[in-house]
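The values are calculated or read from the model by the stated rules, or taken from the named source; none is laboratory data. Since we're looking at a predicted model, the values are computed, not measured. Methodologically, a virtual Cβ is constructed for each residue, glycine included, from the backbone with ideal geometry; neighbour enumeration extends over all protein chains shown. For the accessible areas, the whole protein counts, side chains as well, though only heavy atoms, and no ligand, DNA or RNA atoms are used. Shrake-Rupley method; radii C 1.70, N 1.55, O 1.52, S 1.80 Å.
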Amino acid sequence: MLVIPAIDLKDGRCVRLRQGDMAAETVYSDDVPSVARNWQRQGASLIHVVDLNGAVDGEPRNLPQIESVLKTVSVKVQVGGGIRSMQTVRRYLQAGVSRVVLGTAALTDRAFLEQACTEFPRRILLGLDARDGKVAVKGWTAVSETRAIDLLKELSGYALGAVIYTDISRDGMLGGPNVGALREVVEFSAFPVIASGGITRVEDLKAVQSLGPRIEGAIVGKALYDGKLDYAAAVQALGARC
């Protein structure tokens, strides 16, 4: 199971939010490439980057910082947030991003999702962000009536690379993941699953890992930046790849 450090970008800086609230941010660095370099130095083989402004606005807003990260590190980088057109998908992948994450578009523009999966099979990830079991969109500023599990079933035939499941109520709260919801996602997903939201301790990572081989990895953010979880120690404790 991969342990995947997160870099969330807002106004050109590395931040963390509480439950996706754009007004509840903690700024960790103005030097985004150095943050990425640090995770590579600690052994990460994959970094998860989110353009928070882009997620709300519907188009990339932190592209210069993302391009700087790509030039700085040699490890794989996956990017999400505001990717709602093929032009943006192509731009990121041509710039060196390994995989892109589609969230809102997966629910609101199925033709776009299908085209992206057809043109770039297994390089498109589904960002499945849920509040009380229902899919959230537009940078978590709106919640649909669609159940996360139902969306998973609808997309089972698409050439997606993986599903990133985030329980919004757990994100940035350092209270542990929603293992029950994750177990349900693993059961219904036709794709590998990446857990996100609330992971704070090595025990949380082990709980996620225990859900079986369908779990590709776990994204960790605030716990790493606040020093509550040591990256190298976590990887070693899991006996996992970085």
Restricting segment 63-84 to residues that are basic (Lys, Arg) and more than 13 Å from Ile47 (Cβ to Cβ), which is modelled with the lowest pLDDT? Arg84
Of the residues in segment 81-111, those that are out of contact with any Lys or Arg (no Cβ under 7 Å at 6 or more places or on another chain) and part of a helix (DSSP H, G or I) number 14
Within segment 74-100, track down each residue that is open to solvent by 20 Å² or more (accessible area, probe 1.4 Å), touching a strand residue (DSSP E or B) at 6+ places or on another chain (Cβ under 7 Å) and under 25 Å from Arg131 (Cα atoms). Arg99
Among the residues of segment 32-52, are any part of a strand (DSSP E or B), surrounded by fewer than 16 Cβ atoms within 10 Å (Cβ to Cβ) and of a type outside the set (Asp, Glu)? no
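Results for (1) in contact with a strand residue (DSSP E or B) (Cβ under 9 Å, 6 or more places away or on another chain); (2) of a type in the set (Phe, Trp, Tyr); (3) in a helix (DSSP H, G or I); (4) open to solvent by 50 Å² or more (accessible area, probe 1.4 Å), shown as yes or no for each residue.
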| site | (1), (2), (3), (4) |
| --- | --- |
| Ile7 | yes, no, no, no |
| Arg16 | yes, no, no, no |
| Tyr28 | yes, yes, no, yes |
| Leu70 | yes, no, yes, no |
